[in-house]
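Here's the structure we're looking at; comments come further down.
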Amino acid sequence: MNEVRVVVADDQALVRVGLCGIVATGDGLTVVGEAADGLVAVDVVTRLAPDVVLMDIRMPVLDGIEATRRITASTDSRVLILTTFDLDEYVYGALRAGASGFLLKDAPPEDLHAAIRVIAAGDALLAPGVTRRLIATFAASSAASVDPAPVPPGPRPAPDPLGGLTDRERQVLALVAEGLTNAEIGLRLHITAGTAKTHVARLLHKLDARDRIQLVIIAHRAGLAP
């Protein structure tokens, strides 16, 4: 098992120490750094290049959303947002900033370990139904917030953002938008989980998406997801 290097960012010392201790009990997981505010988190991540950053949202000096934006814009580290409430309004901003998912702070240790491994593997945390609802709402609100570009007179067909995809890739993208795992996609389409994983990898490349969360957003904006 490859080692997954983790940085923990939380302004509450007891919480941060507890998270570090929990992470350290996971096989193949190693805490390489800590941060008590967002600005320090950016510096630590830049210097240490961890695989995953556990990021609190409400922090002094620089909040977790802006810290996430800076980290995802300048490093290859992936950010897992830690939040107290499953519908925390700040999570929307974190996803826009490039976070690869979020987890409740009261999740059991085994869920935290699994989430870190999922994020480190380049996937996104989309399993819980509440996450799917959050992503759907985010996609809709994000699309609505963009002012449409002026359209010149006369008929003009709208470009298809998914025009480069095959029919099978569109099917897979729609199922990703439902929050299905590769194994579940395989069962739905009567293909192997490995084949489903290959299709998802191609979608990430073709759509220039960072992870599955961005695939979900793209699917919703294109009207492919319910």
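Worth a mention:
- Taking Lys and Arg as +1 and Asp and Glu as -1, the other residues whose beta-carbon sits under 11 Å from that of Thr30 total -2.
- Spin-label model, Ala24 to Arg221: label points 7 Å out along the Cα-to-beta-carbon direction sit 4.2 nm apart.
- Computed from the C-beta positions of Ala183 and Leu104 and an R0 of 22 Å, the FRET efficiency is 0.40 to the nearest 0.05.
- Close amide H partners of Leu62, meaning residues 5 or more places away or on another chain with modelled amide H under 5 Å apart, are Gly38, Leu39.
- Multiplying the residue separation of Gln12 and Arg170 by 0.36 nm and subtracting their alpha-carbon distance yields 52.5 nm.
- Placed amide H near Ile81: partners under 5 Å, 5+ positions off or other chain: Met55, Ser100, Gly101, Phe102, Leu103
- Cβ crowding within 10 Å averaged over residues, with 162-168, 110-116 ranked highest first: 110-116, 162-168
- Summed side-chain charge close to Asn2 - residues other than Asn2 whose Cβ falls under 13 Å, Lys, Arg +1, Asp, Glu -1: -1
- A Förster radius of 25 Å combined with the Cβ-Cβ distance from Arg47 to Asn2 puts the calculated FRET efficiency at roughly 0.75.
- Residue separation of Arg210 and Tyr90 scaled by 0.36 nm, minus their Cα-Cα distance, works out to 41.2 nm of gained length.
- Within the accessible area of the stretch 162-226, the carbon and sulfur atoms contribute 52%, probe 1.4 Å, all protein chains present.
- Note on Arg202 and Asp76: with the Förster distance fixed at 25 Å, the Cβ-Cβ geometry gives a FRET efficiency of about 0.75.
The values are calculated or read from the model by the stated rules, or taken from the named source; none is laboratory data. Note that the coordinates shown come from a computational prediction; the quantities given were computed from them, not determined experimentally. As a convention, Cβ positions derive from the backbone with ideal geometry for all residues, glycine included, and neighbour counts pool all protein chains shown. Just the protein is used for accessible areas: all its heavy atoms, side chains included, with ligands, DNA and RNA removed. Shrake-Rupley method; radii C 1.70, N 1.55, O 1.52, S 1.80 Å.
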